[in-house]
Amino acid sequence: MGRYVIRRLLQMIPVFIGATLLIFLMVNVMGDPIAGLCGDRQCDPATAAQLRKEFGLDKPVWQQYLTYMGNVFTGDFGTAFNGQKVTELMSTAFPVTIRLTIVAILFEIVIGITLGVVTGLRRGRPVDTGALVVTLVVISVPTFVTGLLLQLLLGVEWGWIKPSVSTEATFGELIVPGLVLASVSLAYVTRLTRTSIAENRRSDYVRTAVAKGLPRRRVITRHLLRNSLIPVVTFIGTDIGALMGGAIVTERIFNIHGVGYQLYQGILRQNTQTVVGFVTVLVLVFLVANLLVDLLYAVLDPRIRYA
């Protein structure tokens, strides 16, 4: 196991460098950040040259990338064009998005896996058909429609929640936004769990466990569910980074000042330091989540061993 972890960590290095390089190049060609910094009025050449020198934009792109990566390894993600450190923006944005992601993941695990197990064990029955129809509708409806509809009904019409989340963004305030964020993924988790349960239910090891006279609950939890959760764990693990980076729509609807909000503001204002800094951390989240998912395979299925 130790050798496997070390090997995976070494493999993450070129992936991290390649991903951050690609993002750095894409962000630097999306527009002129100095023009966005100056606003509607065009900067005079002397001011533009001074700003480019101050932010290191007068150097070649490859040199800018090497300088940026060197600063990253020392914990310096640069300075936004408003003079605020990117790390300060991260310290306020990431805790909010982490809480929102935790709520969304809990919805996926509790509701998604539970519905998937129930429908997988009752395949072809009315509850299975109803769950398939509901999940198909959820997948088909865009997230911004679901978010605006729940905000209108629960927040404006019925007054059950506040239409906008406060700056504290407590777990209680993030329940509805978390449900909106997790809605599509929750539907996929339900369908994936259902398919995996239905397929493994016909496996030899399940029939053997039933023939041995084991209680139905133990057969489901100890044998059927553990093996069926492997593809589900893979999906949820890779979905963590997607939820954190893809919360732009949800955070805009409910006025949540998290990672999605800062990315939106950075792209809107062509603030390259902010965008690259936040995406760099999201790349690390993706890599760590994938490593943890691979390690969980051995916990769920004892037959899996890492050399």
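Derivation of every value follows stated rules applied to the coordinates shown; laboratory data play no part. Everything quoted here is computed from the prediction, not taken from an experiment. Virtual Cβ from ideal backbone geometry, glycine too; neighbours counted across all protein chains shown.
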Rg over Rh, two decimals, the range 108-167 (C-alpha only, Kirkwood Rh): 1.13
Set of lysines with alpha-carbon distance to residue 53 below 28 Å, sequence-local pairs under 8 removed: 85
Positive-end residue, the chain charge dipole about Cα centroid, Cβ charges, pick of 270, 4, 240: 4
Length-normalised contact order for the chain - Cα pairs under 8 Å, 6+ apart - percent: 27
Cβ-placed point charges (K, R +1; D, E -1), dipole of the range 97-241 about Cα centre in debye, nearest 20: 1080
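Taking every pair of alpha-carbon atoms in the range 87-300, give the share separated by more than 25 Å as a whole percent.
Tail of P(r) above 25 Å: 47 percent of Cα pairs.
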Amide H partners (placed H, <5 Å) of residue 247, local residues excluded: 260
Proximal lysines relative to residue 162, as straight alpha-carbon distance under 30 Å, when same-chain residues fewer than 8 apart are discounted: none
